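The next block holds one structure in the form of structure tokens; read it before the comments.
The values are calculated or read from the model by the stated rules, or taken from the named source; none is laboratory data. These numbers come from a predicted model, not from an experiment. When we count neighbours, we look across all protein chains shown, and the Cβ atoms used for this are built from the backbone with ideal geometry, even at glycine.
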Amino acid sequence: MSVQILVDADACPVKDEIYKVAWRREIPVTIVANSFIRIPDHPLIQREVVSDGFDAADDWIAERAGARTVVVTADILLADRCLRAGATVLAPTGKAFTSNSIGAQIATRAIMADLRAGGDQLGGPAPFGKTDRSNFLQALDQALVRLSR
């Protein structure tokens, strides 16, 4: 199987960057969402619209993730599923999810959910910025070089 990129697209801020890298490296990209998302008219880019069922996009991506796949998602639980399938997983900020770090990230997510459920007012993630975009481009390029060897 050739290298591919799967994108958890609903709230992904780096789709344009993914397209540019995919075109340059001639790597197919699948944009996965539970509603119609506009994509460029290009043979390397395809859209997969899944049902609006709970985790339908995550299930679709996790079922197709493998050792020659880069998955782009901010969803920690999806990242865990894809890592277990052997995929390379990147957050839109360029941060790589790894089997060494995912357990702590899942635990932190659970603690934060408990705090929010208890009424604590917690700040959200930092605003997405130019540095995040740059870090993502660099991480995606490095991942694709490694997988193409």
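Under 9 Å between Cβ atoms, at least 6 apart or on separate chains: pull out the pairs that start in segment 133-149 with a residue that is within 11 Å of K20 (Cβ to Cβ) and end on any residue that is surrounded by fewer than 11 Cβ atoms within 10 Å (Cβ to Cβ) and not aliphatic (A, V, I, L, M).
Every condition considered, the pairs that remain are D141/R24.
Select from segment 16-56 the residues that are free of Cβ contacts under 8 Å to residues at least 24 places away in the same chain and aromatic (F, W, Y) and write down the one among them that is nearest to L147 (Cα to Cα).
W23
Conditions (1) among the small types (G, A, S); (2) surrounded by fewer than 14 Cβ atoms within 10 Å (Cβ to Cβ); (3) modelled with pLDDT of 95 or more; (4) closer than 16 Å to I27 by Cβ, marked per residue:
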residue	(1), (2), (3), (4)
D59	no, no, yes, no
V71	no, no, yes, yes
D75	no, no, no, no
L90	no, no, yes, yes
T93	no, no, no, no
A104	yes, yes, no, no
R116	no, yes, no, no
Q121	no, yes, no, no
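Mind listing whichever residues of segment 1-36 are of a type in the set (A, V, I, L, M) and out of contact with any helix residue (DSSP H, G or I) (no Cβ under 8 Å at 6 or more places or on another chain)? If you could, list the steps in order and put the result at the bottom.
First, the residues of segment 1-36 that are of a type in the set (A, V, I, L, M): 1, 3, 5-7, 9, 11, 14, 18, 21-22, 27, 29, 31-33.
Listed by number, the residues that qualify are M1, A11, A22.
Residues to consider are R64, R81; find the one that is of a type in the set (K, R) and touching a residue at least 24 places away in the same chain (Cβ under 8 Å).
Working: R81 fails: touching a residue at least 24 places away in the same chain (Cβ under 8 Å).
One residue alone meets the criteria, R64.
So, in segment 1-41, exactly how many residues are of a type outside the set (D, E, K, R) and loosely packed, with under 12 Cβ neighbours inside 10 Å?
Going through segment 1-41, the residues of a type outside the set (D, E, K, R) turn out to be 1-7, 9, 11-14, 18-19, 21-23, 27-37, 39-40.
Subset that is loosely packed, with under 12 Cβ neighbours inside 10 Å: 1-2, 11, 35-36.
Within segment 1-41, residues that are of a type outside the set (D, E, K, R) and loosely packed, with under 12 Cβ neighbours inside 10 Å number 5.
Among the residues of segment 82-105, what is the count of those that are touching a strand residue (DSSP E or B) at 6+ places or on another chain (Cβ under 9 Å) and over 20 Å from S35 (Cβ atoms)? Spell out how you get there, then give the answer.
Filtering segment 82-105 down to residues touching a strand residue (DSSP E or B) at 6+ places or on another chain (Cβ under 9 Å) leaves 82-83, 85-92, 96-98, 102, 105.
Filter once more, so that each one left must be over 20 Å from S35 (Cβ atoms): 82-83, 85-91, 96-98, 102, 105.
Total meeting the criteria: 14.
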